[in-house]
Amino acid sequence: MAVVGALLVGVPAVLAARPGDATADPAQLRDLVTASADKPWTGYAEARAALGVPRIAALSDVSTLLSGVTRMRGWYAAPDQVRTDVLTPVGERDRYVTPRGQAVWDYGAELLTLVARDPRVRLPRSEDLLPPDLARRLLAGTSPSDPATALPARRVAGVDAAGVRVTVADPETTVGALDVWADPSTGLPVAVEVRAKGVPDPLISTAFAELAQGPPDPAALAPRRGPGAGVTRSPTSDLFGVLGRGDGSTLPDRLAGRDREPPERRFPALGQYGTTLGQLIAVPLPPDLAGNLLSGIDRAGAGRTLTVDGQGSALETPLLTLAVVRSQDGARAWALSGLVPRPTIDSGAADLLAGGAT
């Protein structure tokens, strides 16, 4: 616990960045970043998100993640050999990714949960805000034709990092630009800023404060639990994963002009429409959860009522929107989300209630 306390009073990662001297061709740097999944590292990072998502009980973890500061220590050997510790003033929560699945160690509950599988499309969680993960995930949704321009170099966690800004031209997404600083020799991202269209300041900033490139200690990647702690098993640790294992018959083949991607095995009720930053995610909701979410949005006082043939409310931020839609008889309901503008959410909601669009 003393180690956790020391980390929490450390120099904030964003403030630790200083001007650097590195240079790199921006297009080549972008390609290096995209191909950096095989670069191992160990480090500590801080992320700041200012999306202003109000707290809703069923989505409290997401609300906190997107409207506050997240402190993380990570060990990364390969995409299937990762550990991320999320640090808080009262403890930590550790997630291990192994070739056999995942394990989550909760210090507060003294419980190790062995997770069989989470879907590729899921709710955001802390490790998504680590600089390498965030940079690669978002760049994968951009177009090769999106302009890449050089940014002034920064020295981040001892790395003289070159910078690249990718300006997103797609009008079907709220993301305006991705600013990435990376080691020009390895392509490993060390700092990322995400900007929304029409908003001058970044809404998400993440950076390493400590970083060692190279293979992490293998012992750190092995799931562990304290003496006498409990162990449980779960098929998935994600709410969308739980819902996605249900019946997907109410999901149409097309939403808001986007074709549905082939469903992931074991998650037939998780609808992914499109593969760019402007993709939509839709998942059927049970009536009780839909009612709770609609009531939570209304109580938060930040929702927009959708004009649909049924009931619908949307939590909107400059980047991310989450809508809950329910038919007039209450028999069918869905969650709909994406980094998309308001007309896209409205169109998707109408298509869900109509049974799809041609």
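The values are calculated or read from the model by the stated rules, or taken from the named source; none is laboratory data. This one's a predicted model, so the numbers in the text were calculated from it and none came from an experiment. Glycine also receives a Cβ, built like all others from the backbone with ideal geometry; neighbour counts cover every protein chain displayed. For accessibility, only protein heavy atoms count, side chains too; no ligands or nucleic acids. Shrake-Rupley method; radii C 1.70, N 1.55, O 1.52, S 1.80 Å.
Over the C-alpha trace of segment 186-228, radius of gyration and Dmax come out as 17.3, 53 angstrom.
Put a dot 7 Å past the Cα of D217, heading toward its Cβ, do the same for S145, and the two dots end up 5.0 nm apart.
Here the extension length gained between R233 and L111 equals 42.9 nm, from 0.36 nm per residue of separation less the Cα-Cα distance.
With the other protein chains left in place, how much accessible area per residue, in square angstrom, belongs to segment 112-253 at a 1.4 angstrom probe?
41 Å²
Here the chain was treated as a single set of alpha-carbon atoms; its pair distances binned every 10 Å from 0 give 5, 23, 32, 26, 11, 1, 0 percent. Could you tell me which of rounded, prolate or oblate describes segment 191-259, using a ≥ b ≥ c as the square roots of the eigenvalues of the alpha-carbon gyration tensor, with rounded for a/c under 1.5 and, failing that, prolate when a/b is larger than b/c and oblate otherwise? It is oblate, given that a/c is not under 1.5 and a/b is not larger than b/c. Positive end of the dipole of the chain (Cβ unit charges, origin at the Cα centre): among L129, S337, V86, the Cα lying farthest that way belongs to V86. Remark: the T98-A169 segment gains 21.9 nm on full extension, using 0.36 nm per residue and subtracting the alpha carbon distance.
Taking a Cβ cut-off of under 11 Å around R125, the surrounding Lys, Arg, Asp and Glu residues balance to a net charge of -3, with basic ones at +1 and acidic ones at -1.
Work through the residues other than A22 whose Cβ is under 10 Å from its Cβ and net out their charges, Lys, Arg +1 and Asp, Glu -1. Before the final figure, lay out the partial values.
Numbers: positive: R154, R155; negative: D21, D160, D183.
Summing Lys/Arg as +1 and Asp/Glu as -1 gives -1.
Amide hydrogen proximity for I56: with H placed 1.01 Å from N in the peptide plane, the residues at 5 or more positions away or on another chain lying under 5 Å are S63. Probing with 1.4 Å while keeping every protein chain in the model, the per residue accessible area of segment 270-329 equals 40 Å². Expressed as a whole percent, the accessible area of the chain that falls on carbon and sulfur atoms is 54 (1.4 Å probe).
Relative to the dominant Cα principal axis of the chain, helix 287-300 is inclined by about 70°. Take the Cα of D31, step 7 Å toward its Cβ, do the same at R18, and the gap between the two points is 3.3 nm.
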